[in-house]
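**Student:** Here it is: the structure, laid out below.
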Amino acid sequence: WRTRAGGQPPLQAPAGAELWVWFQPTVTDVDKAWKELSNILSGIFCASLNFIDSTNTVTPTASFKPLGLANGTDHHLLRYAVLPREVVCTENLTPWKKLLPCGSKAGLAVLLKAERLFHSSYHSQAVHIRPICRDASCLAVSWELRQTLTVVFDTFSSGQGKKDWSLFKMFSRTLTDACPLASQSKVYVDISPKNKEKELLEVTPPPASVYEAIVQGDKRTYAVYDLLSPSLFNTSRSLNVQLKWKRPQDSSELPTPILHAQRYVSGYGLQTGEISTLIYNTHPYRAFPVILLETVPWYLRLYVHTLTIITKGKENKPSYIHYQPAQDRRQPHLLEMLIQLPASSVTKITIQFERALLKWTEYTPDPNHGFYVSSSVLSALVPSVIAMKDVDVEQSPLFTSLFPSSDGSSYFVRLYTEPLLVNLPTPDFSMPYNVICLTCTVVAVCYGSFYNLLTRTFHVEEPSRGGLAKRLANIIRKFRGVPPL
Amino acid sequence: RTSITSRYETVYRSTTAQEEAALDVATAREADAALHLLQDASLGALTVYVVPETSSHLPQGINVYVGKHRSALVRAGGGLATLRTRLQQLTQVMSFTASSIAAALSDRLPDGQLGPDARRHLKSSLGYEITFSLLNPDPKSHAVDWDIEDAVNRYVQPVLDKLSLVANFSVDSQILYYAVLGVTPRFDKESSSFLLSAHSLPHVINPVEARLGSSAASLYPVLNFLLYVPERSHSPLYIQDKDGAPVSTNAFHSPRWGGIMVYNVETPASPQASLPLHVDVDMVRVMEVFLAQLRLLFGLSREELPPEFLLESPGNEGLANWELDRLLWAHTVENIATVSTTLTSLAQLLDKIGNIVIKDDVASEVYRAVTSAQSAMAKLAVGHLHSAFQASKEAVTSSERAFFDPSLLHLLYFPDDQKFAIYIPLFLPMAVPILLSLAKIVREARQRKKEPTKMD
């Protein structure tokens with residue numbers, strides 16, 4: 001996710017595939033259950049989650065709290081794994097769509113056709129399952145399955161240079177009806193005015209109602225299209241939402257989010273290196289803590305004594321550190337820290353590492369591409385500039401589940417940094433072939449000729465009266481006038 | 001070569017006083033219930049009571065009464081020869097026969113030997129997963145509700161409890177929307193209904209199977225029972241059998257897969273009724289059909305009975321004890337055959353690849369499989385069905401664990417021709433001059449031997 005270009009995402013995801021599970025306290029062997037679960041999910045979603053094993057699984061202590069009603073205190077029941085090399089593709093979208101009750105036959109999901117969805121700059125699918133109260137009195141608990149699809153279409157580059165978009169242009173389809181099984185089916189279009197003076201954009205067809213909410217510290221206005229209301233399809237059989245900009249935008253600057261982060265690898269050569277993480281707090285006057293979770297594979301040996309955290313030129317000591325060192329070929333490094341970020345500051349966290357030499361069967365088929373280090377996770381309760389009011393779950397279930405806020409003053413954010421690509425010292429895999437060729441050549445040529453020289457026997461030979469070559473040579477000599485052989 | 005022989009051991013005795021008292025009741029059913037309490041018949045054994053010809057237990061015209069536990073009442077009459085034929089027929093019905101054993105081994109016999117109906121029954125497995133699915137292709141017109149949990153607890157669970165000796169069962173259910181059958185039904189003007197003909201039924205299952213999604217997450221074979229509520233535009237829908245008459249239960253089953261039942265919703269009288277129509281599924285009717293299909297899938301179907309036989313219905317439990325015994329006989333034989341096939345192919349693999357390393361635990365699993373199979377065969381020969389079945393299950397588990405061990409992968413070991421490919425370019429150039437000079441030495445030695453006198 002490009003924060004500078006896209007602003008704050010509603011639900012961010014790391015590069016690759018991520019799986020985290022809180023197990024129930026009745027499970028006795030959590031590791032065995034984790035392995036079975038990742039294999040079953042890999043089969044159901046056609047994703048290679050079966051590569052999750054102990055070398056990329058960690059047990060975070062503070063970063064992930066169970067969603068929904070469960071109160072989990074024993075963090076040994078939590079497992080977290082990321083596969084940064086996995087790419088999301090059409091065969092992951094199909095089982096994701098199968099989980100929807102109406103499938104892609106009715107409702108909003110008719111828009112989800114793979115050929116347009118993957119023609120985009122960013123694509124992310126998520127499935128969350130959590131226990132929630134069945135109704136307001138909370139006498140019974142039921143399971144909620146939430147499926148999220150986040151796609152960024154770049155209409156500027158694909159839409160002839162104009163920033164106008166419509167549902168038909170993006171998905172090559174329009175909405176015709178709602179899913180009969182849905183209790184709510186709505187389309188929200190963000191029409192927040194940038195500067196409060198003029199109207200810069202126009203949405204057609206005109207929305208039936210407008211919803212205002214404070215989302216992630218910003219006051220935003222949404223145009224609402226309710227597919228279940230009978231008046232929507234009165235005028236036309238299909239709904240094609242269009243947005244037109246009334247005057248060309250001079251500067252398309254999105255506001256920088258209050259918390260964002262970057263990560264990169266520095267250093268030279270193939271032996272050592274340094275991982276640096278930069279965390280920005282752009283809030284003008286409030287400081288808040290952030291939990292940083294880093295998972296580094298075992299073949300990058302971290303030197304924790306070189307861990308430095310510098311804010312505004314001074315050292316910043318974290319109030320909570322949990323470090324689990326790696327075991328070769330068994331466990332990755334786990335580093336969790338609670339860092340206080342002062343207002344309007346940049347915090348730089350650096351740690352040095354050394355690259356390990358792997359056994360020759362452990363290299364992937366393309367080892368010169370590099371090895372991935374998964375994204376680090378930042379979890380924080382960001383104070384919002386504008387006070388948020390409590391919204392009823394019944395009225396707007398979407399916003400309360402996507403942007404939950406327990407008190408009105410801060411909202412929860414989970415960010416992911418970029419994944420890193422590091423080169424490990426790679427052996428030359430063609431060497432066995434070279435060795436065989438060289439040895440065989442040396443043996444054949446040198447040994448053979450030495451042996452011949454040593455064991456040659458000489459015997460006298462009768463001078464032969466002349467073969468064909470000698471006769472030809474004599475003929476040429478006669479022409480030249482030279483005495484014959 | 002392997003072969004299976006079977007025999008029946010018959011023991012004759014007179015009735016005890018308690019059994020006389022139990023037989024003194026009015027109807028055969030009560031007699032059977034009373035006798036069941038007195039017996040200590042173990043699995044696989046049957047007790048047959050020969051009652052006098054004038055006894056009032058059996059109704060007129062019925063000469064054999066088969067109870068739902070392991071006993072039967074046979075009317076004596078017409079001499080010993082008729083009694084013997086009746087007993088033979090009874091054994092054919094209640095206990096295993098040569099054809100049922102051959103059917104159990106059907107996967108291992110070559111094709112031509114058995115008829116086309118041979119491979120119909122479910123393979124013996126340690127567990128089965130049963131999935132009930134409600135298919136609603138038209139949720140706009142029908143809002144279908146079924147109380148599946150109650151129906152499973154009330155009707156299906158007693159049968160599964162009875163079958164729990166055979167395997168572990170797990171039941172789940174799901175509702176699928178917008179799932180259409182693969183075949184468009186024909187409209188029949190005379191009955192003004194839609195018909196699915198018998199020869200289009202095999203094509204029905206395929207498109208639906210992709211959405212059932214059951215095989216991804218289960219270790220055991222899955223039995224699917226689908227209840228299909230046809231769309232409003234295709235109602236009512238009937239299934240035709242081979243003769244063209246509509247099937248009374250409106251259902252069909254596919255061996256080793258499961259069953260499908262079509263549930264027609266009556267169109268309301270007034271055409272202006274508000275959509276969607278609310279439908280409450282009559283679970284009794286549906287579960288009757290599904291349980292009958294379950295019996296057919298397991299091979300518990302009743303073949304043609306001779307006319308003078310009367311079978312007691314097993315009631316809520318779904319199957320009689322002697323039917324359970326028949327299933328256990330077939331499964332035990334099948335398990336032992338599976339073990340022998342698996343271990344034979346393992347031995348062949350070891351012959352083909354000379355340098356496979358067998359780990360200790362694989363070896364111990366193989367030993368355990370062999371001893372369990374031998375004990376199962378010994379117990380089968382004696383007739384202890386229960387312990388034979390347990391031993392055969394252990395044997396199957398051990399042999400599968402040994403055979404599918406990841407360390408036995410063929411590609412992990414260097415094939416011999418790769419070793420040749422590496423060493424020949426090294427040794428061949430070295431060996432050629434040596435061999436040539438050896439040949440020269442041999443030639444010279446022979447020449448010297450031939451002409452020893454040519455020396456000055």
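The values are calculated or read from the model by the stated rules, or taken from the named source; none is laboratory data. Since the model is a prediction, treat every value here as computed from it, not as a measurement. Neighbour counts are summed over all protein chains in view; Cβ atoms, including those assigned to glycine, are modelled from backbone coordinates with ideal geometry.
**Student:** Mind listing just one residue for me: the one in the range A:149-191 that is charged (D, E, K, R) and under 24 Å from residue A:206 (Cβ atoms) and, of those, modelled with the lowest pLDDT?
**Tutor:** A:162
**Student:** If you don't mind, another one. Of everything in the range B:280-311, what is on the phi < 0 side of the Ramachandran plot and either within 14 Å of chain A (Cβ to nearest Cβ) or at pLDDT below 85 (or both)? Give them in sequence order.
**Tutor:** Result: B:300, B:301, B:302, B:303, B:304, B:305, B:306, B:307, B:308, B:309, B:310, B:311.
**Student:** Can you name the number of the only condition in (1) in contact with a His (Cβ under 8 Å, 6 or more places away or on another chain); (2) farther than 30 Å from residue A:257 by Cβ; (3) of a type in the set (A, V, I, L, M) that residue A:99 fails?
**Tutor:** If we test residue A:99 against (1) in contact with a His (Cβ under 8 Å, 6 or more places away or on another chain); (2) farther than 30 Å from residue A:257 by Cβ; (3) of a type in the set (A, V, I, L, M), just (1) comes out false.
**Student:** Within the range B:304-337, can you find the residues that are farther than 30 Å from residue B:370 by Cα and of a type in the set (A, V, I, L, M)?
**Tutor:** Residues satisfying the conditions are B:305, B:310, B:311, B:319, B:320.
**Student:** Sticking with this structure for a sec: For the structure I just gave you, tell me whether residue A:426 is of a type in the set (Val, Ile, Thr) and either modelled with pLDDT of 85 or more or assigned to a helix (DSSP H, G or I) (or both).
**Tutor:** Taking the combined requirement at face value, the residue satisfies it.
**Student:** Determine, yes or no, whether residue B:376 is part of a helix (DSSP H, G or I), modelled with pLDDT of 90 or more and within 14 Å of chain A (Cβ to nearest Cβ).
**Tutor:** no
**Student:** Sticking with this structure for a sec: Out of A:141, A:88, which single residue is more than 25 Å from residue A:205 (Cα to Cα), surrounded by fewer than 16 Cβ atoms within 10 Å (Cβ to Cβ) and more than 14 Å from chain B (Cβ to nearest Cβ)?
**Tutor:** Exactly one of A:141, A:88 is more than 25 Å from residue A:205 (Cα to Cα), surrounded by fewer than 16 Cβ atoms within 10 Å (Cβ to Cβ) and more than 14 Å from chain B (Cβ to nearest Cβ), namely A:141.
**Student:** Please state which one of A:299, A:285, A:320 is surrounded by 18 or more Cβ atoms within 10 Å (Cβ to Cβ) and among the aromatic types (Phe, Trp, Tyr).
**Tutor:** Matching residue, one of A:299, A:285, A:320: A:299.
**Student:** A follow-up question, please. For the range A:206-213, state whether one or more residues are small (Gly, Ala, Ser), modelled with pLDDT of 80 or more, in a strand (DSSP E or B) and surrounded by 16 or more Cβ atoms within 10 Å (Cβ to Cβ).
**Tutor:** no
**Student:** Going by the structure shown, is residue B:265 closer than 29 Å to residue B:390 by Cα and in contact with a Leu (Cβ under 7 Å, 6 or more places away or on another chain)?
**Tutor:** No: the conditions fail for residue B:265.
**Student:** Sticking with this structure for a sec: Which residue is farthest from residue A:129 (Cα to Cα), if the candidates are limited to the range A:91-117 and must be more than 9 Å from chain B (Cβ to nearest Cβ) and of a type in the set (Lys, Arg)?
**Tutor:** Top of the filtered list is A:116.
**Student:** Check residue A:116 against each of (1) touching a Cys at 6+ places or on another chain (Cβ under 9 Å); (2) surrounded by 14 or more Cβ atoms within 10 Å (Cβ to Cβ); (3) assigned to a helix (DSSP H, G or I) and name the one condition it does not meet.
**Tutor:** (1)
**Student:** Given the residues B:346, B:328, B:300, which is the only one that is part of a loop (DSSP other than H, G, I, E, B), under 30 Å from residue B:397 (Cα atoms) and in contact with a helix residue (DSSP H, G or I) (Cβ under 6 Å, 6 or more places away or on another chain)?
**Tutor:** B:300 is the lone residue from the list that is part of a loop (DSSP other than H, G, I, E, B), under 30 Å from residue B:397 (Cα atoms) and in contact with a helix residue (DSSP H, G or I) (Cβ under 6 Å, 6 or more places away or on another chain).
**Student:** Looking for whichever is without any contact (Cβ under 8 Å) to a residue 24 or more places away in the chain, surrounded by 14 or more Cβ atoms within 10 Å (Cβ to Cβ), under 27 Å from residue B:171 (Cβ atoms) and of a type in the set (Val, Ile, Thr) here; the options are B:265, B:247. Which one fits?
**Tutor:** Answer to the check: B:247.
**Student:** Hey, another quick one. Output the residues belonging to the range B:185-213 that are free of Cβ contacts under 8 Å to residues at least 24 places away in the same chain, farther than 17 Å from residue B:243 by Cα, more than 14 Å from every other protein chain (Cβ to nearest Cβ) and in a loop (DSSP other than H, G, I, E, B).
**Tutor:** B:189, B:192
**Student:** Which one is farthest from residue A:450 (Cα to Cα), of the residues in the range B:433-447 that are at the interface with chain A (Cβ under 9 Å from one of its Cβ atoms) and surrounded by fewer than 13 Cβ atoms within 10 Å (Cβ to Cβ)?
**Tutor:** B:444
**Student:** Now a separate question. Specify the residue that is nearest to the other protein chains (Cβ to nearest Cβ); the eligible residues are those in the range B:175-184 that are at negative phi and crowded, with 16+ Cβ neighbours inside 10 Å.
**Tutor:** So the residue we want is B:177.
**Student:** Can you name every residue in the range B:240-264 that is under 11 Å from residue B:226 (Cβ atoms) and not in a strand (DSSP E or B)?
**Tutor:** B:257, B:263
**Student:** Would you call residue A:104 more than 30 Å from residue A:167 (Cβ to Cβ) and part of a loop (DSSP other than H, G, I, E, B)?
**Tutor:** no
**Student:** Further question on the same structure: State the number of residues belonging to the range A:25-78 that are within 14 Å of another protein chain (Cβ to nearest Cβ) and in a loop (DSSP other than H, G, I, E, B).
**Tutor:** Residues flagged as within 14 Å of another protein chain (Cβ to nearest Cβ) and in a loop (DSSP other than H, G, I, E, B) within the range A:25-78 amount to 3.
**Student:** Looking at this structure, is residue B:6 assigned to a loop (DSSP other than H, G, I, E, B), among the hydroxyl-bearing types (Ser, Thr, Tyr) and farther than 17 Å from residue B:322 by Cα?
**Tutor:** yes
**Student:** Of all residues in the range B:126-158, how many are in contact (Cβ under 8 Å) with a residue 60 or more places away in the chain, buried (at least 18 other Cβ atoms within 10 Å of the Cβ) and either away from chain A (no Cβ under 14 Å) or of a type in the set (Gly, Ala, Ser) (or both)?
**Tutor:** 11
**Student:** Are any residues in the range A:461-485 modelled with pLDDT of 80 or more and within 30 Å of residue B:436 (Cβ to Cβ), and if so, which ones?
**Tutor:** Matches in the range A:461-485: A:468, A:469, A:470.
**Student:** What residue, of A:126, A:81, is more than 14 Å from every other protein chain (Cβ to nearest Cβ), among the small types (Gly, Ala, Ser), outside any loop (DSSP other than H, G, I, E, B) and under 25 Å from residue A:178 (Cα atoms)?
**Tutor:** A:126
**Student:** May I pose another question? Anything in the range A:415-450 that is over 29 Å from residue A:269 (Cβ atoms) and more than 14 Å from chain B (Cβ to nearest Cβ)? List them, or say none.
**Tutor:** Within the range A:415-450, just A:415 meets the criteria.
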